[in-house]
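Student: Right, I'll just put the structure down here and ask away after.
The values are calculated or read from the model by the stated rules, or taken from the named source; none is laboratory data. Nothing here was measured: the structure is a model prediction, and the numbers come from that model. Positions of Cβ are backbone-derived with ideal geometry, glycine not excepted, and every protein chain shown enters the neighbour counts. These area figures cover heavy atoms from the full protein model, side chains too; ligands, DNA and RNA do not enter into them. Shrake-Rupley method; radii C 1.70, N 1.55, O 1.52, S 1.80 Å.
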Amino acid sequence: MENRIATNIFLTTLEKISKWSRERSLWPLSFGVSCCAIEMMHAAASKIDLDRYGSLFRSSPKQADLMIVSGTVTVKMADQVKTLYEQMLDPKYVIAMGSCAISGGIFNESPHVVNGVNKIIPVDVYINGCPPSPADLAIAIIDIRNQTSKKQIKK
Ligand code: SF4
């Protein structure tokens, strides 16, 4: 019986439990800017099922800590994207999904398109492709989780 206590009981602090739960539950904002949003929706559907990774889409920026910029950001939309980002609480993360979000993609020459969402908000992970794979979105979310885990361990 005494031998089993060490493997079944562990002691920790409330602060550590709080950090652990936050790093494992990235909640994306329900928000799509262009056709990459269809791939984002696919990632939330049954095949990839982002719920399995603890990622539940939220309709309010105040309940979300992950912004997935899924596609082309037009100049007209740039202020709205920035406002939504600013309304999210810290710590927060951004994924630029697809070549349009990364660099303007096929609309790169257009004066109406932002040539990279990193020009208006900071980006943590980039997903290449046109369209990008929904599976890559799950990998990007895991990547952010791993990055935050390392930061938590360092603290
Ligand atoms: S990268 Fe391709 S799929 Fe995504 S928004 Fe641009 S044109 Fe659409």
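Student: With n ≥ 4 as the cut-off for DSSP H runs, can you work out [θ] at 222 nm for the chain, using -39500 (n - 2.57) per run divided by the number of residues, rounded to the nearest 500? Don't jump to the answer; show the numbers that get you there.
Tutor: Values: 6 runs with 65 residues, N = 155.
Mean residue ellipticity at 222 nm (helix-derived): -12500 deg cm²/dmol.
Student: Assigning unit charges at the beta carbon (Lys, Arg +1; Asp, Glu -1) and nothing else, what dipole magnitude in debye, to the nearest 20, does the chain show about its Cα centre?
Tutor: 480
Student: How high is the relative contact order of the chain, in percent, with contacts defined as C-alpha pairs under 8 Å that are six or more residues apart?
Tutor: 23
Student: Additional query: Considering only protein heavy atoms and a probe of 1.4 Å, how much of the accessible area of the chain is carbon and sulfur, as a whole percent?
Tutor: Ligands and nucleic acids excluded, carbon and sulfur reach 57 percent.
Student: Something else now. Where both residues lie in segment 25-135, what percent of DSSP beta bridges are antiparallel, nearest 5?
Tutor: 10
Student: Hand me the tally of lysine pairs in the chain: alpha carbons under 12 angstrom apart, and the pair either on different chains or 8 or more positions apart.
Tutor: On the way: 16/155; 19/150; 19/151; 19/155; 62/92; 82/119.
Lysine pairs satisfying the spacing and distance rule in the chain number 6.
Student: I would also like to ask the following. Name the residue from 21, 135, 125 whose Cα lies farthest towards the positive end of the charge dipole of the chain, charges +1 on Cβ of Lys and Arg and -1 on Cβ of Asp and Glu.
Tutor: 21
Student: For the chain, report the accessible area per residue in Å² (1.4 Å probe, heavy atoms, rounded to an integer).
Tutor: 61
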